[in-house]
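Presented below is the structure to which this report refers.
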Amino acid sequence: MLIPALKKVVSFILDSVYPPFCWNCGGSTDNSVGLCALCAEKISPIDKFCSRCGSVQQTESTPSCAYCSSKRLPYEFCRSLFRYDGVFRKLLTAHKYSSDTAATRILKHLINSLPLSLDFHPDVIVPVPQDRRRLRKRGYDHLVPFARLIASKLGNIPVLSLLRKKVATPPQASLSDSMRKKNLIGAFEVIPTPLPKKSKALLFDDVTSTGATLKECAKTLKKAGYIVGLLTLSR
Ligand SMILES: [Zn+2]
Ligand SMILES: [Zn+2]
C-alpha cells in the first residue's frame, strides 16, 4: 500500500516542478498520457472497416467490400487500428527512426486504450521480418514492443518470428508500386516449428502502405500451411 502511495506523491511533485507538456505541440497538458486534448483528437482510430481486406468503410464494418469481394487474397482477415496521418504518423516515425521513448510510450497507451476483439483468433503473432542490415543499424526490432502488447491484449498469444528474409532487397520505399511487388517475390521463408498445420498466424506490421510486403509474407505463410490474418497499427 505504501509504495503506490509513495509513487503518487513523487509523480505529483514531479508534475508540479515539471508540468507535463504535449509531445506534439509543446502545450501544457493535464494528463500523464503525453498529448494535449487537441493533439489527441487528431488521432483517428479506424472503427469501420472491411474485415476481409481491412479497407476503411464509411458507414459500417462489413465482412467484405466492393474492392475485395472479387479478389483472391492470401489472408482471411485484415485490420488496421489507426489512420496513418498527422500526429499518429509523427509518433510512429519518431519511434521507428529516432528511438523516441516518449513516442513509444504514447503509442503503447493509444493501442492499450483501444478495445480489441478480432474476427480472427490467432494461435501465434508473427511480426513482419525486418531487413537484417537495417535491424543491425537500429539495434532492435521496432515492431516487437507493440506485437507483445497486442499479444497480451488478445490473451497472451505467443509472438514468434516465424518468417525470415532470405535475401536482402532494396528498401520498399525507394521503389515504384510495380517494382515493390517484384522486389519481394520469394524473398521470405518460414522457419520450421512444431506448430500443427492450419495454425492461425496473425501477421503484424506497423503500417499498411501498398501492402506488397504483407501480401508476400502472407503468401509465404499460407504456402507453409498456416491460416493467415493481418493486423497493422495503421493505414
Ligand atoms: Zn498538443
Ligand atoms: Zn474488403
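Return, for the Cα atoms of region 91-181, the radius of gyration and Dmax in Å, separated by a comma.
14.9, 39
When the Karplus curve 6.51 cos²θ - 1.76 cosθ + 1.60 is applied with θ = phi - 60°, which whole-Hz ³J(HN,Hα) does each residue of region 48-55 get, with x for Gly and Pro?
Along region 48-55, the couplings run 10, 7, 8, 7, 8, 10, x, 5 Hz.
Once amide H atoms are built 1.01 Å from N in the peptide plane, which residues 5 or more positions from residue 23, or in another chain, come under 5 Å H to H?
It is 35, 36, by chain and number.
Quick one: compute the contact order of region 42-234, relative version, from alpha carbon pairs under 8 angstrom and 6+ residues apart, as a percent.
Taking the mean separation of contacting Cα pairs over the length of region 42-234, I get 24 percent.
Once you treat every alpha carbon in the chain as an equal point and sum by Debye, what is log10 I(q)/I(0) at q = 0.14 Å⁻¹?
For the chain at q = 0.14 Å⁻¹, log10 I(q)/I(0) is -0.97.
What are the DSSP H helices in the chain that stretch 27 Å or more along their long axis, judged by alpha-carbon atoms, and whose average Kyte-Doolittle hydropathy comes to at least 1.0?
Answer set is empty.
Just add up the charged neighbours of residue 56: K/R +1, D/E -1, any other residue whose Cβ is under 12 Å from the Cβ of residue 56.
Computed value for this residue: +1.
Once amide H atoms are placed 1.01 Å from N in the peptide plane, what residues at a sequence separation of 5 or more from residue 46, or on another chain, have their amide H within under 5 Å of its amide H?
When sequence neighbours closer than 5 places are left aside, the close amide H contacts are 82, 83.
For residue 51, what residues show an amide H to amide H distance below 5 Å, using hydrogens built from the backbone and excluding near sequence neighbours?
Under 5 Å from the amide H of residue 51 lie the amide H atoms of 62, 64, each far enough along the sequence or on another chain.
Under unit Cβ charges (Lys, Arg +1; Asp, Glu -1), what dipole magnitude, rounded to 20 debye, does the chain have relative to its Cα centre?
In debye, rounded to 20, the chain gives about 1040.
Find which of 176, 160, 199 sits farthest along the positive direction of the dipole of region 147-214, computed with +1 on the beta-carbon of Lys and Arg, -1 on that of Asp and Glu, about the Cα centre.
199
FYI, it's all coordinate maths here, none of it is from the lab. Keep in mind the model is a prediction, meaning the values are calculated, not measured. Cβ: placed from backbone, ideal geometry, glycine included. Neighbour counts: every protein chain shown.
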